[in-house]
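Enquirer: Pasting a structure here, questions to come.
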Amino acid sequence: MASITTSVGALDVQSIVSQLMTIEQQPMTASQSRVSKFNTQLSAVGKISSGLSSLQTAIRSLASGSFLQSYKASSSDSTIASVATSAATVAGSYALNITSLAQPRQLVFDKYADGTAITDPTAVIASAPDSLTFTVGGKATTPISLRDNPGDSVTLNSMRDRINQAGVGVTANIVNNNGNYKLVITSTNSGSDNAFLISAGGAEPADASSPASLGGLTQSTGTASAISESHAAQNAALTINGVSVSTASNHLTDAIAGLTLDLSKTGEASINVVQDSDGITTALQAFVDAYNQVHSAAESARTDSMKGNASVLAIESQMTSILATPVSGANPYNSYAYLAQVGISIQKDGTLKLDKTAFNTALSADPAAVKNLFGNSNNDGFADRFNAVINQLLGPDGIIESSKSSINSRIDFETNYQTGLQSKLDRLKTQYTQQYTNLNAILAKMQSATSSLANLLSSSSSS
């Protein structure tokens, strides 16, 4: 008798459930794909927004015309006088003749009252007073106490520290020359109006060649002495194009409008100020680069994740419309009404390109017309209009914010949808697992019964 066989075996429940869930997962996968696309769109809008912000920053100086007020200054001898420009600088040439530099008053004390040299800055000054007083700029200052308590020691070091801590318009320093110490008192600010005098705690003779005293100290005399190292306060004296100037500082901020001069030594030097064409074209190039950044971001979005998107098309349309519209009141035949007339032209790919030579030529020919091209009293210069349009685009009700809001709403919808779908998938997985586990158990019983029957029949046949 023929034997009975079976191909029925235990099911791979996990594999079956996995295959079923792959099918059930398709709506989730589609939703995740949509979210990924929306995030890509959000990133694209963000790049356009960032580009617009950069463009707005680049056009600020263009609208005001301040970018045309870029000048560079040079000195024929920077060791005599150096120069720096500011926003108020204008072109010009200036001949300087510096006959003296500003300096603070300085007194040097290198001996004790008895005439002995100071060889130890920590040694007690026997005849030191209790306080010192200076008159600075014609006004007596608050007395400087040298002792906190009667009998306290006063040294060269402590006197220096007390003077500096007082902040009365003089400073004190100690100089060591081969073991001989000197107390140097200097006006905090240079110039004759900031000179100081010793009011109390010392004395200044009427004859500057006679030793002065301060706090129990005095000056040595001679050609290489404390008196020779001391000097009176003085103003800087110079002429600028023959006009006399006297100033308390060697740092001049208002002698020439828009320029800062720093005097280093006496002598003659010439200052030349010219328009900085490189600085001007740098500002223009920043505008061109920023515009091209917006164009590139919009083109990338329009041909990729936001293909055919009306918002992106609207942004590009507004940008190109500005470039195509002339400045009102400017005759393009005898003046400048378009950016292309001053060397900023649209290329075939929609980007801008700056011709520096053409711009400099136009600026030299008619600077007022060039300025009017970017910003004017009618607020219809190219920079004016770009600024107005960008304000609208980036405003709370503008295209950028509305696009972001719309995309974020779609992302929120998909996120909520995925949350509900995931709960359903979790239930289905549990259901399928239970069903096929139960089926597997039934099949296992059937397989066992079939094997038992086959064994029984085999046994009967053999007998």
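The values are calculated or read from the model by the stated rules, or taken from the named source; none is laboratory data. Model, not experiment: these values are computed from the prediction. Neighbour counts are summed over all protein chains in view; Cβ atoms, including those assigned to glycine, are modelled from backbone coordinates with ideal geometry.
Enquirer: Return the residue satisfying two criteria in turn: it lies in region 233-263 and is part of a strand (DSSP E or B), among the β-branched types (Val, Ile, Thr) and without any contact (Cβ under 8 Å) to a residue 24 or more places away in the chain, and of such residues it is farthest from Ser78 (Cα to Cα).
Expert: Ranking the qualifying residues of region 233-263, first place goes to Val243.
Enquirer: Identify, please: which residue in region 91-146 is hydroxyl-bearing (Ser, Thr, Tyr) and part of a loop (DSSP other than H, G, I, E, B) and is, among those, nearest to Ala236 (Cα to Cα)?
Expert: For region 91-146, the residue satisfying everything is Thr141.
Enquirer: Would you check which residues across region 114-127 are modelled with pLDDT of 95 or more and either surrounded by 19 or more Cβ atoms within 10 Å (Cβ to Cβ) or touching a Gly at 6+ places or on another chain (Cβ under 7 Å) (or both) and list them?
Expert: Within region 114-127, Ile118, Thr119, Ile125 meet the criteria.
Enquirer: In region 137-156, which residue that is within 18 Å of Asn173 (Cα to Cα) and surrounded by 15 or more Cβ atoms within 10 Å (Cβ to Cβ) is nearest to the chain's Cα centre (by Cα)?
Expert: Ile144
Enquirer: Could you figure out which of (1) in contact with a strand residue (DSSP E or B) (Cβ under 9 Å, 6 or more places away or on another chain); (2) farther than 30 Å from Ser100 by Cβ; (3) among the hydrophobic types (A, V, I, L, M, F, W, C) isn't true of Val342?
Expert: For Val342, the failing item is (1).
Enquirer: Right, another one. In this structure, does Ser82 turn out to be assigned by TED's automatic domain parsing to the domain that holds Val245 and closer than 29 Å to Gly169 by Cβ?
Expert: Yes.
Enquirer: Is it the case, given these coordinates, that Ser145 is modelled with pLDDT of 95 or more, over 30 Å from Gly267 (Cα atoms) and in contact with an Asp or Glu (Cβ under 9 Å, 6 or more places away or on another chain)?
Expert: Spelling it out, Ser145 is indeed modelled with pLDDT of 95 or more, over 30 Å from Gly267 (Cα atoms) and in contact with an Asp or Glu (Cβ under 9 Å, 6 or more places away or on another chain).
Enquirer: Just one of the numbered conditions (1) of a type outside the set (A, V, I, L, M); (2) touching a residue at least 24 places away in the same chain (Cβ under 8 Å); (3) at positive phi is not true of Asn194; which one?
Expert: All conditions pass for Asn194, except number (3).
Enquirer: Looking at this structure, is Ala63 over 30 Å from Thr303 (Cα atoms), touching a residue at least 12 places away in the same chain (Cβ under 8 Å) and assigned by TED's automatic domain parsing to the domain that holds Ala310?
Expert: Yes; evaluated as a whole, the condition is true for this residue.
Enquirer: Could you identify the single residue in Ile280, Ile322 that is among the β-branched types (Val, Ile, Thr) and closer than 30 Å to Ala95 by Cα?
Expert: Ile280
Enquirer: Please state which of the following conditions Ser423 fails to meet, knowing it meets all the rest: (1) crowded, with 19+ Cβ neighbours inside 10 Å; (2) out of contact with any strand residue (DSSP E or B) (no Cβ under 9 Å at 6 or more places or on another chain); (3) in a helix (DSSP H, G or I).
Expert: (1)
Enquirer: Any idea which of (1) under 21 Å from Ser54 (Cβ atoms); (2) surrounded by 13 or more Cβ atoms within 10 Å (Cβ to Cβ) is the one Tyr336 doesn't satisfy?
Expert: (1)
Enquirer: Among Tyr338, Tyr417, Tyr333, which is among the hydroxyl-bearing types (Ser, Thr, Tyr) and touching a Ser or Thr at 6+ places or on another chain (Cβ under 8 Å)?
Expert: Result: Tyr417 is the single residue among Tyr338, Tyr417, Tyr333 that is among the hydroxyl-bearing types (Ser, Thr, Tyr) and touching a Ser or Thr at 6+ places or on another chain (Cβ under 8 Å).
Okay, residues lined up against (1) modelled with pLDDT of 95 or more; (2) surrounded by fewer than 17 Cβ atoms within 10 Å (Cβ to Cβ); (3) more than 50 Å from the chain's Cα centre (by Cα):
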{"residue": "Gly169", "(1), (2), (3)": "yes, no, no"}
{"residue": "Ala172", "(1), (2), (3)": "yes, no, no"}
{"residue": "Ser190", "(1), (2), (3)": "yes, no, no"}
{"residue": "Thr221", "(1), (2), (3)": "no, yes, yes"}
{"residue": "Ala233", "(1), (2), (3)": "yes, no, no"}
{"residue": "Gly242", "(1), (2), (3)": "yes, yes, no"}
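Enquirer: Another question, if that's okay. Determine whether Ala324 is under 25 Å from Gly398 (Cα atoms), at pLDDT 90 or above and within 30 Å of the chain's Cα centre (by Cα).
Expert: No, not satisfied.
Enquirer: So which residues in region 339-364 are more than 15 Å from Ser296 (Cβ to Cβ) and either free of Cβ contacts under 8 Å to residues at least 40 places away in the same chain or not assigned by TED's automatic domain parsing to the domain that holds Ala383 (or both), if there are any at all?
Expert: Across region 339-364, the qualifying residues are Ala340, Gln341, Val342, Gly343, Ser345, Asp355, Thr357, Ala358, Thr361, Ala362, Ser364.
Enquirer: Still on this structure, I have one more. Collect the residues in region 55-86 that are surrounded by fewer than 18 Cβ atoms within 10 Å (Cβ to Cβ), outside any loop (DSSP other than H, G, I, E, B) and under 22 Å from the mean Cα position of the chain (by Cα), keeping them in residue-number order.
Expert: Those that are surrounded by fewer than 18 Cβ atoms within 10 Å (Cβ to Cβ), outside any loop (DSSP other than H, G, I, E, B) and under 22 Å from the mean Cα position of the chain (by Cα): Thr57, Arg60, Ser64, Ser66, Ala84.
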